[in-house]
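Here is the structure we will look at, set down as structure tokens.
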Amino acid sequence: MRAKIFTGMLVIFIFSIIMVNLGFADGMMIGYIPSRPSVPKPLPIKYHRVQVAIDNQVASTSIDQVFKNDSDTDLEGTYIFPLPETATITEFAMYMDGKKIIGEILDKDKARQEYEDIVRKMKDPALLEYVGRNMFKARVYPIPKHGEKRIELKYQETLKYDAGVCNYIYPLNTEKFSPVPLEEVAISVKIKSKIAIKSLYSPSHKIDAKIDGLNASCGYEEKNVTPDKDFVLYYTVSDQEMGLNLLCYRKPKENGYFLMLLSPGQLEGQAINKDIIFVLDTSGSMKGPKLWQAKEALRFCVNSLGKGDKFNVIGFATNIASYRNGLVDVDDKNIKGATEFIDRLSATGGTDIDSALLHALKMFTDVKKPRMVVFLTDGEPTTGVIEPESIIKDLSAANKAKARIFVFGVGMDVNSHLLDKIAEDERGISQYVLPNENIEITVSSFYKKISEPLISDINIDFGKIVTSDRYPIVLPDIFSGSQLVLLGRYDGDGPTAITLTGYVNGKEDKFVYEDTFLNKGTSNDFIPRIWATRKIGYLMSQIRLKGENRELVDEVVKLSKEYGIMTPYTSFLVLNKEADSSRWGIEKSMASNVMDRGASYKAGMEQSLGKNAIERSKDIVEMKASSIEERPSLSTVKYVGDKTFYLKDKVWMDSEYKDEMKPREIKYLSEEYFELLKQRPGLGKYFAIGNKIIVVFEGECYKVIEE
């Protein structure tokens, strides 16, 4: 954030500190040097640590944060903290010369005046997202030169509960306040519940999560980072053995978006017996570390098989060798025999992918159990059937048991188009191990995730609600310790019966849930962008595997522009004209860089071999499985809720804005400006973007202009 000199001797130091249940409330310090004006600058934050204890929806938040004063002068300041609507502060610890500082709580009207005064003095709208909340305020003196000031704050709030879902939000958006990256950010959450906890889900950050019946925990930690989005956590509870919970987002007169969390819950510990075949490429190109690592990975997988599973191991090159002619039981004799078989495998000959996979698929007979093939190869087919189209056709005809094929491409000589197509058509996934990566770690960590299937061959019926554009398109099996995140669009609203069917312990089972699809709901505004990311991933996959199609490309471009998600087709079809580059926030100086990235990306789309092709495949797989709202890839793009803003001629433009619209002009910081925010407080988070902005909100278009 650009610092500015303003009235009198005031110096503003702004930085984030706090968490809330709903909203965007960051704490801040307003500091100044008594008796002497100075150019303001934000204070850096040394660390930001948060511990959250949630006990039956009552969340107790403890914040520990250290601020650094790198200047040559002691500072005086005022600490303010915009309070969550239902929060009660239980402790504020900050000591000056042995005395504990006492703060005061301002009600909404007084807090609003404080916020507006600061915005006027700073000429910076960042605080507008806090208008309408209560405020905690404390005087801080001194903040010692070249010293640190530690603040501890504790508060409690009751989380809202809706149809089995509880939501907790911690705004970490300190990008506009902290001048340097934070040395450490850490959030730890522990949850207790009287009803079984089914799932933990964060659409904002990658978390380590653990669920154990009535208790759960998760954490997020990063070093040397400038947080730029709020930490959002959902946890779900249910008495049913298979947990299903629904989140909806819908604007008036539009089809809605939904996100469904499906988790095994009390089915944990009831892993289904599975049939699994490991198929390893032993052609001459695998010689050396690649084969050694792959064999170590297979030993791990075989030794991790469960009692009741059936398995086999196949090695292939020009010819095929298998441990046994068919699937065998997991027992000490077969484990020992299979590992000895793996030890004897050596690298020689060509690569007959078609024959190896057909040989494996013939071994599956029981369609009531999860069927899996784990396939490792480092090359493209060189012997037998080598045409990719013929291989795909052969597999489709042979896979009558509908086994899932999980593909691992090793090195950069693999035919990624072929492997991606095999994985997509046979309901698996493709992963790639580059030369500097360890095959053993990649394969063994993946196997841990799929080693204990709990429910297979899933199907979901939504009753009277019509759903579309559901991703993933083919529902995967659900494994122990995992959960399914399903996104889609819906038409219709109201309560409905959702029926889930699948195989549990070899028998078809049915689970019925009552839930409600909303007619209007804007609290889960992250859902549309994650849905759009997944859809773009699937469209890109279709283009890559089947060739360019004008309708598919046009849909990618449309979604990319609407949601601010950069793709190679956005680069080529939108940014190749200077006017379009400007329209979508790409300055001429950076357009060439975007074009270069797009060229590299598209080259990977068109190629089957090499690093570009593998990187593109990885990108597409990540997009198709996306559950997190990623940050914008360009500084000229901003996300606020479900809206995307592009910077054009120093004006932040809503992607929904059309040239034919006639916006209502509002002078920045005028009385009309603040009066509008009082009448329509929902505009605050959009106006907080900057002092020049065009936004379409609730059917009206507004344009903020400078005086």
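The values are calculated or read from the model by the stated rules, or taken from the named source; none is laboratory data. Just so it is clear, the model here is predicted, and its values are computed rather than measured. Here the Cβ is made from the backbone with ideal geometry for all residues, glycine too, and neighbour counts use every protein chain on show.
Condition first: within 15 Å of residue 282 (Cβ to Cβ), in a helix (DSSP H, G or I) and touching a residue at least 60 places away in the same chain (Cβ under 8 Å). Can you find one or more residues in region 358-365 that meet it? Yes.
Could you check region 646-707 for strands (runs of 3 or more DSSP E) lying wholly inside it with 1 or more residues that are within 28 Å of residue 566 (Cβ to Cβ) and not assigned by TED's automatic domain parsing to the domain that holds residue 570?
651-654, 693-697, 700-705
Report yes if residue 229 is farther than 30 Å from residue 99 by Cβ and without any contact (Cβ under 8 Å) to a residue 60 or more places away in the chain, otherwise no. No; evaluated as a whole, the condition is false for this residue.
A quick yes/no check of all residues on (1) among the basic types (Lys, Arg); (2) modelled with pLDDT of 90 or more; (3) closer than 14 Å to residue 651 by Cα:
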{"site": "666", "(1), (2), (3)": "no, yes, yes"}
{"site": "685", "(1), (2), (3)": "yes, no, no"}
{"site": "694", "(1), (2), (3)": "no, yes, yes"}
{"site": "706", "(1), (2), (3)": "no, no, yes"}
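State whether one or more residues within region 53-65 are exposed (fewer than 14 other Cβ atoms within 10 Å of the Cβ) and modelled with pLDDT under 85. Scanning region 53-65, I find no residue that is exposed (fewer than 14 other Cβ atoms within 10 Å of the Cβ) and modelled with pLDDT under 85, so the answer is no.
Of the strands (runs of 3 or more DSSP E) lying entirely inside region 219-327, the ones with 2 or more residues being aromatic (Phe, Trp, Tyr) are found at 231-237, 256-263, 310-316.
Restricting attention to region 262-282, the residues being modelled with pLDDT of 95 or more and either within 30 Å of residue 516 (Cβ to Cβ) or among the polar types (S, T, N, Q) (or both) number 1. When residue 336 is tested against the conditions (1) farther than 27 Å from residue 502 by Cβ; (2) part of a loop (DSSP other than H, G, I, E, B), the lone failure is (2). If you check every pair at least six apart or on different chains, which have Cβ atoms under 7 Å apart with a residue in region 542-560 that is farther than 15 Å from residue 473 by Cβ first and a residue that is part of a loop (DSSP other than H, G, I, E, B) and among the β-branched types (Val, Ile, Thr) second? Hits for this filter: 556/567; 557/574; 559/565; 560/567. Reported count of residues in region 60-112, each being of a type in the set (Asp, Glu), in a strand (DSSP E or B) and under 36 Å from the mean Cα position of the chain (by Cα), is 2. You will find that of 211, 169, the residue that is crowded, with 19+ Cβ neighbours inside 10 Å, touching a residue at least 60 places away in the same chain (Cβ under 8 Å), among the β-branched types (Val, Ile, Thr) and part of a strand (DSSP E or B) is 169 and no other. Looking for whichever is hydroxyl-bearing (Ser, Thr, Tyr), more than 30 Å from residue 496 (Cα to Cα) and in contact (Cβ under 8 Å) with a residue 40 or more places away in the chain here; the options are 263, 304. Which one fits? Checking each option against the conditions leaves just 304.
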